[in-house]
2 protein chains.
Amino acid sequence: MPRYEALAAEIAGAIRRGALRPGDRLPSVRAACASQRCSPATVFQAYYRLEAEGLVRARERSGYYVTEAAPPPLPEPERPSQPQAQAGPLDVSAQVFEILEATLAREVVPLGSAFPSPLLFPLPRLGRLAAGALQRLDPWTTIDDLGPGDPALRRQIARRYCAEGLAVAPEDVLITHGALEALNLCLAAVTRPGDKVLIESPTFYAALHALERLGLEAVEVPTHPREGIELDALEQAIQRHRPAACWLMTSFQNPLGFLMPEAKKQALVEALRRHRLPLIEDDVYAELHFGPSRPRPAKAFDTDGLVLHCGSFSKCLAPGYRIGWALAGRWRQAVSRLRLGSTLGASMPAQLAIAAYLEGGGYDRHLRLLRRRLAAQQAALAEAVARHFPPGCRATRPAGGYFLWIEMPEGVDALALHRRALAAGISLAPGPIFSARRGFRHCIRLNAGHGDAAREGPALATLGGWIAEMAAAAAR
Amino acid sequence: MPRYEALAAEIAGAIRRGALRPGDRLPSVRAACASQRCSPATVFQAYYRLEAEGLVRARERSGYYVTEAAPPPLPEPERPSQPQAQAGPLDVSAQVFEILEATLAREVVPLGSAFPSPLLFPLPRLGRLAAGALQRLDPWTTIDDLGPGDPALRRQIARRYCAEGLAVAPEDVLITHGALEALNLCLAAVTRPGDKVLIESPTFYAALHALERLGLEAVEVPTHPREGIELDALEQAIQRHRPAACWLMTSFQNPLGFLMPEAKKQALVEALRRHRLPLIEDDVYAELHFGPSRPRPAKAFDTDGLVLHCGSFSKCLAPGYRIGWALAGRWRQAVSRLRLGSTLGASMPAQLAIAAYLEGGGYDRHLRLLRRRLAAQQAALAEAVARHFPPGCRATRPAGGYFLWIEMPEGVDALALHRRALAAGISLAPGPIFSARRGFRHCIRLNAGHGDAAREGPALATLGGWIAEMAAAAAR
């Protein structure tokens, strides 16, 4: 057992025995170093571990404290969604954009944000590495590598997949302007206007937007809040609608947070193979797992090149750099040509900085720390929600990512709640933006990626009060 | 008269009088400094000026030589194009992509390239500036500024327009992933699938590709090789086809190189106003003018917000950085939302580097040098073409940019020439890729942006021989 785990276990024991009680302050790092004869890094690792387990909580500039007795967690949502079975064209309304724009303002409490806190990322180090790489840059690479992307970056991405047992060659990796470009290119490569595409219900709103822009129809498929899309329903939808593609998020889905079990991913790919149906797999949250290892994507089971797998560094390393990638299987050339005809290639400085970072080592260390922090922030948010939200609410318990999906009592209108919250300087993501037919009217998505308890706690208390009010009014 | 101009005039006089003769070497910079009692910068400026006038030519590592007697220039193309008047859907074939991909390989002589030489740009200085900016970066700006773009960069772009008399505010500027994203977003904002769009004939192939991806129909309008789109024909096409938009390049058009006269730009905007028709103005070459000042864009005459004007740094400062912008007039919000739903925003490191470069000064100095070099390279390419290409060929004489458009004798097949050239390691851009109906079969576009006379001279001699052969065979 490493030294820090032993220390964490010792403190956890003290908490369980009552020797340390809720609200007690843990020894300062300096004091713990002295008494335990270990390094500050060991103490920090032990405290982070305890924080991830929810046993202690950091207070800014003050230290670590034993967590106050937590309320029992909210029950989880249990039932799969039941979207309409019809396909239909899309119309992402101005309202959706107003909501998205509102979440970008820095002054609002960012519970509706799609992003984690940018303070979680090694931006200064990336900046230094960009500097070196840009000054050593061979000018010709700005033309040679513009299409497929920087060779070193493609190699590093392939290497990481290989380490997880996926046979990915650097030539398979097409670097894109964020995962969103990758997803849009893949969708365009496998569809023609008027085609139908299967999506989850609820689904990431950018998928709806992408379908709309390409003139595609959405078929929303019932989706279980803990296990993902229902395979029986998927099979039926395929037979009924003859879709051209599916677009799914198999690990820590936005907004539900579910991790599709590995056997289910395998069965999904098997079903695709039977129907020769391409899957666009949005895998941008997989690195943010709280469990011991990165969940394998559906792509891992794809022997026929039917999975167009898309990833990104935006959520796990370099927000604002806009670097993602596609492993487009049998559509590799088609995707690459769509890009040559549309945006040419990804931005070089960002690619070089990330390649240098990955080559320099330390990415896995950064990821371990990031996951611990997100796990702790999610535990804290779940606890605050359980404390402040009224009975009748349910909350997901994702094992990765940074979103919680809340089902409020029927009759509580998420859009009305959003408007009221925004006027009070609080953002949230109302359920209807995740649905082609504006369903999930009593649901909201909350962001645990900021971990700003000082602002989020009071905001959640306010929201909880309003939800209780609105539930009572609806029940009358 | 500045010192360098006096020196240049003195040497030009010596050449005219025959005191310096074709093939003579000019004094070395060191010797000229001593004899003229001036700085090396003055001598360089004088020699650059003479080179831009075509009077002298630099030979690598050897010095400046009086130009050999130049052949008379080829005649210019004179007649407007005559495309079919019907609208039609598009099908950018695999052939076009094969051609584009072939031009990207470093080992071929890049006469078909779309890019200027990357050695023309201050990439090391941009790299240093990126370093500083990234290390000072406020992490929150990766979220706050992701949508519209870096405020300093928007300010600098607006400032440059204001200096030219266009009233552009920083808030009008939407930073994009290269001009191509800007153009695509603008096109999507003003059209719906099935709409018709007016384009030049010939036109930039990415416009064809963009129309195809959005399910739009192209109406090709007769275009004069020296003055741009024919306004009478435009008027007729508007009345006949009721298009949703036009997409034009008004300054140094790719591939023809024409500069639409200012009065014509004004009349164009007037026609748009009458018909309430939006214009997507691709203005990425305007900074590469050989004349004294940047030509004003159609946007300068746009009082109604009907011009969606797109620019870029890719051709004049930072290739591979992928930073462009849109001034989208009355579609500003629509374009901004399309982007929020598709790629979110442009890459931060590239934006910060360019903003720091513009703020640091020196951009105008870089541009002056770049324009001089491109003018000299274009003069040299035109001369080599006149020397090597057979009678019956015509060549444009653009006053900016880095393309020459060559009309070969009727019956010479540009696609056959392209295949033969590529097999010999020479790229060129065959006319049919610039046309919705694969017209311009006897035309090619050549790139003067590399100025690599050592490789390009022999390549042009080879091409000239083949063209003569093919013309003779066609005449038989």
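Here is how the numbers come out for the structure above:
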{"quantity": "Residue in region A:167-184 that is surrounded by the most Cβ atoms within 10 Å (Cβ to Cβ), counting only those that are more than 13 Å from A:Ala346 (Cα to Cα) and either within 11 Å of chain B (Cβ to nearest Cβ) or out of contact with any strand residue (DSSP E or B) (no Cβ under 7 Å at 6 or more places or on another chain) (or both)", "calculated": "A:Asn184"}
{"quantity": "Hey, A:Arg441 closer than 19 Å to A:Gln84 by Cβ and not aliphatic (A, V, I, L, M) or not", "calculated": "yes"}
{"quantity": "A:Leu422 being of a type outside the set (Lys, Arg) and under 30 Å from A:Pro292 (Cα atoms)", "calculated": "no"}
{"quantity": "Among the candidates A:Glu281, A:Glu217, A:Glu287, residue that is of a type in the set (Asp, Glu), in contact (Cβ under 8 Å) with a residue 40 or more places away in the chain and in contact with a strand residue (DSSP E or B) (Cβ under 8 Å, 6 or more places away or on another chain)", "calculated": "A:Glu217"}
{"quantity": "Filter result (within 8 Å of chain B (Cβ to nearest Cβ), in a helix (DSSP H, G or I) and without any contact (Cβ under 8 Å) to a residue 40 or more places away in the chain) within region A:98-138", "calculated": "A:Glu101, A:Leu119, A:Pro124, A:Arg128, A:Ala131, A:Gln135"}
{"quantity": "Residue within region B:104-126 that is within 30 Å of A:His450 (Cα to Cα), at pLDDT below 90, out of contact with any Gly (no Cβ under 7 Å at 6 or more places or on another chain) and not small (Gly, Ala, Ser) present", "calculated": "no"}
{"quantity": "Pick from region A:82-97, criterion at pLDDT 80 or above and either under 14 Å from B:Leu340 (Cβ atoms) or exposed (fewer than 14 other Cβ atoms within 10 Å of the Cβ) (or both), ranking: nearest to the other protein chains (Cβ to nearest Cβ)", "calculated": "A:Phe97"}
{"quantity": "Qualifying residue in region A:191-201 (condition: crowded, with 20+ Cβ neighbours inside 10 Å, within 12 Å of chain B (Cβ to nearest Cβ) and in contact (Cβ under 8 Å) with a residue 40 or more places away in the chain)", "calculated": "yes"}
{"quantity": "Set B:Val385, B:Val335, B:Val307: member being touching a Cys at 6+ places or on another chain (Cβ under 7 Å) and among the hydrophobic types (A, V, I, L, M, F, W, C)", "calculated": "B:Val335"}
{"quantity": "Residues of region B:290-313 that turn out to be within 14 Å of another protein chain (Cβ to nearest Cβ) and touching a Gly at 6+ places or on another chain (Cβ under 6 Å), as a count", "calculated": "1"}
{"quantity": "Given (1) more than 22 Å from A:Asp452 (Cβ to Cβ); (2) free of Cβ contacts under 8 Å to residues at least 60 places away in the same chain; (3) surrounded by 13 or more Cβ atoms within 10 Å (Cβ to Cβ), number of the condition A:Leu26 does not satisfy", "calculated": "(1)"}
{"quantity": "Some residue of region B:63-81 being on the phi > 0 side of the Ramachandran plot, basic (Lys, Arg), in a loop (DSSP other than H, G, I, E, B) and outside the structural domain of B:Phe290 (by TED's automatic domain parsing)", "calculated": "no"}
{"quantity": "Residue within region A:144-163 that is within 10 Å of chain B (Cβ to nearest Cβ), surrounded by fewer than 23 Cβ atoms within 10 Å (Cβ to Cβ), closer than 25 Å to A:Gly257 by Cβ and of a type outside the set (S, T, N, Q) present", "calculated": "no"}
{"quantity": "Top-ranked residue of region B:327-341 - restricted to ones that are among the small types (Gly, Ala, Ser) and more than 14 Å from chain A (Cβ to nearest Cβ), ranked as surrounded by the most Cβ atoms within 10 Å (Cβ to Cβ)", "calculated": "B:Ala328"}
{"quantity": "Unique residue being modelled with pLDDT under 95, within 29 Å of A:Ala399 (Cα to Cα) and either out of contact with any strand residue (DSSP E or B) (no Cβ under 6 Å at 6 or more places or on another chain) or aromatic (Phe, Trp, Tyr) (or both) when the list is A:Ala271, A:Ala210, A:Ala267, A:Ala263", "calculated": "A:Ala210"}
{"quantity": "Lone qualifier among A:Ala169, A:Ala158, A:Ala206, A:Ala163 - being in the same structural domain as A:Glu359 (by TED's automatic domain parsing), free of Cβ contacts under 8 Å to residues at least 60 places away in the same chain and within 28 Å of A:Trp405 (Cβ to Cβ)", "calculated": "A:Ala206"}
{"quantity": "Failed condition for B:Arg372, given (1) within 14 Å of chain A (Cβ to nearest Cβ); (2) at pLDDT below 95", "calculated": "(1)"}
{"quantity": "Meets criteria (closer than 20 Å to B:Leu340 by Cα, over 19 Å from the mean Cα position of the chain (by Cα) and either assigned by TED's automatic domain parsing to the domain that holds B:Ala298 or acidic (Asp, Glu) (or both)) for B:Leu153", "calculated": "yes"}
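The values are calculated or read from the model by the stated rules, or taken from the named source; none is laboratory data. Computed from a predicted model, the values in this text were never measured in an experiment. Glycine also receives a Cβ, built like all others from the backbone with ideal geometry; neighbour counts cover every protein chain displayed.
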